[in-house]
1. Count, please, the residues in region 372-383 that happen to be at pLDDT below 85 and either over 14 Å from the mean Cα position of the chain (by Cα) or not hydrophobic (A, V, I, L, M, F, W, C) (or both).
2. From the residues in region 386-422 that are touching a residue at least 40 places away in the same chain (Cβ under 8 Å) and over 22 Å from residue 257 (Cβ atoms), which one is farthest from the chain's Cα centre (by Cα)?
3. Is there a residue in region 83-101 that is in a loop (DSSP other than H, G, I, E, B), open to solvent by less than 20 Å² (accessible area, probe 1.4 Å), under 30 Å from residue 295 (Cα atoms) and not polar (S, T, N, Q)?
4. Looking only at residues that are outside any strand (DSSP E or B), out of contact with any Lys or Arg (no Cβ under 7 Å at 6 or more places or on another chain) and open to solvent by less than 60 Å² (accessible area, probe 1.4 Å) in region 399-426, which one is nearest to residue 158 (Cα to Cα)?
5. When you scan region 344-370, how many residues do you find that are free of Cβ contacts under 8 Å to residues at least 60 places away in the same chain and out of contact with any Gly (no Cβ under 7 Å at 6 or more places or on another chain)?
6. In region 245-266, which residue that is polar (S, T, N, Q) and more than 12 Å from the chain's Cα centre (by Cα) is least open to solvent (accessible area, probe 1.4 Å)?
7. Residue check: is residue 212 in a helix (DSSP H, G or I) and not hydroxyl-bearing (Ser, Thr, Tyr)?
8. In region 107-119, how many are part of a loop (DSSP other than H, G, I, E, B) and under 15 Å from residue 167 (Cβ atoms)?
Amino acid sequence: MRIFSLYQGFRFIWLAKTAGRHFHRDHQLQAPLTLADFEAINRCERPLPKNFNFAGDVLDQWSQKEKTGERPANPALWWVNGKGSEVKWTFRELGTLSRKAANVLTKPCGLKRGDRVAIILPRIPEWWLVNVACMRTGLIFMPGTTQLTAKDILYRLQASKAKCLVASEEVAPAVESIMSECPDLKTKLLVSPHSRKGWLSFQELFQSASAEHTCVETESQEPMAIYFTSGTTGSPKMAQHSQSSLGIGYTLCGRYWLDLKSSDIIWNMSDTGWVKAAIGSVFSSWLQGACVFVHRMAQFDTNTFLDTLTTYPITTLCSAPTVYRMLVQKDLKRYKFKKLRHCLTGGEPLNPEVREQWKGQTGLELYEGYGQTEVGIICANQKGQEIKPGSMGKGVLPYDVQIIDENGNILPPGKEGEIALRLQSTRPFCFFSEYVVVKAFIVLSAPFKSSNPEKLTLELQDHVKKSTAPYKYPRKVEFVENLPKTITGKIKRNILRDHEWGRT
């Protein structure tokens, strides 16, 4: 079985051979999970624990290490806006503030474990607070970029049936224009110093919220987040990630690609709406106890960017190749970067010329990585490896990455083919869990028209699980008399979507 999708001009294939299995916690393990435990899980040397929560099992552990002096005096989050405002939080402060935010979501907003929360915020500290608050309460967070149009927001809210939306002022008018078409959305939280009719004020509720909150005990395979794919071949799909796929799955990425330690400060330039922000600005970084540096920078500006690297002790930089292409046009030898030692890139192809120019002017190598919303980083030029110009690097654990031909045969070195992940008896835990918006409309032939619909639905779902990747089975099934088609016989999927969302 093959699944194709597009990314960076490559066809990316998953070769699935068997269904995945769930792992369970070692009942003899009494102590909290350590970084070494997470690394062993990523190397498939020990099973996934039955229960895991990133806020409780990672962030709160770093908070304890701060208290005992086991972690250096380095912020957990360091935010600046370039206009004089600055926020620095330790892990202990992040813990206190995120508990207050958790109480905002569960009490005034009335949200319950498993509810979905759409988050459309720019690079402001509240984005991190709300994400961590969702982890603490077992809510499923769904980040989106502030560049989304009203139509984009409508699609996401209807497809996800989100109960709550947390947004900034710049997207509030777009949200209000489509509210009447989103019956599932019960709460709108505005992150702004100004009030707005029809919205709850996050700031006001946050100020009065209690800092006492008990983190829920979530299962490792329990949903944590949903990221919408870019939709290059159709409507964006909802890729759902579990507590462990994001919260444990980026341990080796943080250590060997990002090369982070708890004394490091990483500046990842990704927009908050993309999974790369989760990789570089939350999970990989905080798993290693490093400081996440954030510049508000609504519009990219090379001078501001270079001044920031000159002013702040940033050790690790991660940005798209486009940014480096712009930077090498400057005379970089004029700038003295305080602490910068490791530079990374991804999201689009890196031209060898840009890499050479960056290294020639700064003395620093560019380490490229490659991945997707569904699976994270699958190959990279890791620290210590020799970099071949034009290469994205080698496969990273726990993935078995191969180059194959159109028949699925593994190709020898030097041959051009397609990137594939080979799955054996175990489905990698860091894979996304499933695509969520999947529904089947079925026309029954005469022999089945009198069948019990509930029983038939279960039989069909079971058939799909066995004949294709299990996560692709339809969560919803509707039996219809006929399917809307064009005069050439193609199914009008837009009409089915309109029917599903009550727009007909």
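The values are calculated or read from the model by the stated rules, or taken from the named source; none is laboratory data. Keep in mind that this is a model prediction, so the values were computed, not measured. Ideal geometry is used to build each Cβ from the backbone, glycine not excepted, and the neighbour counts take in all protein chains shown. Only protein heavy atoms, including side chains, enter the accessible area calculation; ligands, DNA and RNA are left aside. Shrake-Rupley method; radii C 1.70, N 1.55, O 1.52, S 1.80 Å.
1. The total comes to 4.
2. The extreme case among them is 408.
3. Looking through region 83-101, none of the residues is in a loop (DSSP other than H, G, I, E, B), open to solvent by less than 20 Å² (accessible area, probe 1.4 Å), under 30 Å from residue 295 (Cα atoms) and not polar (S, T, N, Q).
4. Ranking the candidates gives 399 first.
5. 17
6. The residue in question is 251.
7. No: the conditions fail for residue 212.
8. The total comes to 1.
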